[in-house]
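Report on one structure; see the data block that follows.
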Amino acid sequence: MSSSHDESEYIDSSGQAGQMFGELARLVYASENFAEVYQAICAAAPNLIVGCDHASMLLRRGGQVVPVGASDQTACRIDELELELGDGPCLDAIDAEPAHLDANLLDGCPWPALAARVVDETPVRGMAGFRLIVDHAKVGALNLFSDTPDAFTPTSMEQAAALTAFASVAVTSDAKRQEAATLMGGLQSNREIGMAVGLLMAFHKINKEQAFDILRRTSQDMNIKLIEVARQLVQHEDQRPRKTV
């Protein structure tokens, strides 16, 4: 997706930008698949930001920075190069300053190795990275790329800041939903383990520690997770026929 660099085309006189943000917001709050949300944010960036032709998002997951969305193959390739070289505006936005910009890769660059590869392998001539924050933690970056030298302007940076803030809200929502799902899973697991321990205590006339030790040893002997042993025990008990009086 390419974009014109006439700033007048981005003035929100028709409410198009507001409509696009509204559509993104509905996607955030309705979607269970945040990969779609991140992809939509990247796809929207060239229509919302002066000079932007491509966009991507990187997030820190499990101690590593990984791509989670891109507007096109050009953005994907630059992410690959930056992660391969371990240097660039997007990584610096995560770990150093909250925003990094090089509007013209042909006029010197803070990341010369990356700039050389980008100029050689893609049409991109300007790059910018903006930090994403969740609960004061540095979790990722929104990355913008321009095919035209010096196409990023002060207006571009204002628009990018707005989209970055929105992207941070989306990442926060994703993190909270994952946290809630993990909590619910943990509560369910604890409940099933507790029920299994109670059944063993009643059946074998033993205390809680002894019952839990039976579960633990069974899990090790069968090479099955403890929660699965507990779940099978509870299900077996639920399925047993009950005596009628």
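The values are calculated or read from the model by the stated rules, or taken from the named source; none is laboratory data. Predicted, not measured: the structure shown is a model, and the values here were computed from it. Note that we place each Cβ from the backbone using ideal geometry, even for glycine, and neighbour counts take in every protein chain shown.
Things worth noting here:
- Helices (runs of 4 or more DSSP H) fully within region 68-175 counting 3 or more residues that are touching a strand residue (DSSP E or B) at 6+ places or on another chain (Cβ under 7 Å) and within 22 Å of V37 (Cα to Cα): 73-85, 89-95
- Breaking point among (1) surrounded by fewer than 17 Cβ atoms within 10 Å (Cβ to Cβ); (2) within 18 Å of the chain's Cα centre (by Cα), for P149: (2)
- Residue satisfying all of: in region 82-102; under 12 Å from L132 (Cα atoms) and touching an Asp or Glu at 6+ places or on another chain (Cβ under 9 Å); surrounded by the most Cβ atoms within 10 Å (Cβ to Cβ) among these: C90
- Cβ pairs under 9 Å, 6+ apart, first in region 101-114 and in the same structural domain as D79 (by TED's automatic domain parsing), second part of a loop (DSSP other than H, G, I, E, B) and exposed (fewer than 13 other Cβ atoms within 10 Å of the Cβ): D102/G108
- For region 220-241, the criterion of a residue being more than 41 Å from the chain's Cα centre (by Cα), modelled with pLDDT under 80, assigned to a loop (DSSP other than H, G, I, E, B) and over 30 Å from N33 (Cβ atoms) is satisfied by at least one position.
- None of M127, M57 is crowded, with 21+ Cβ neighbours inside 10 Å, touching a residue at least 40 places away in the same chain (Cβ under 8 Å) and under 19 Å from V139 (Cα atoms) except M57.
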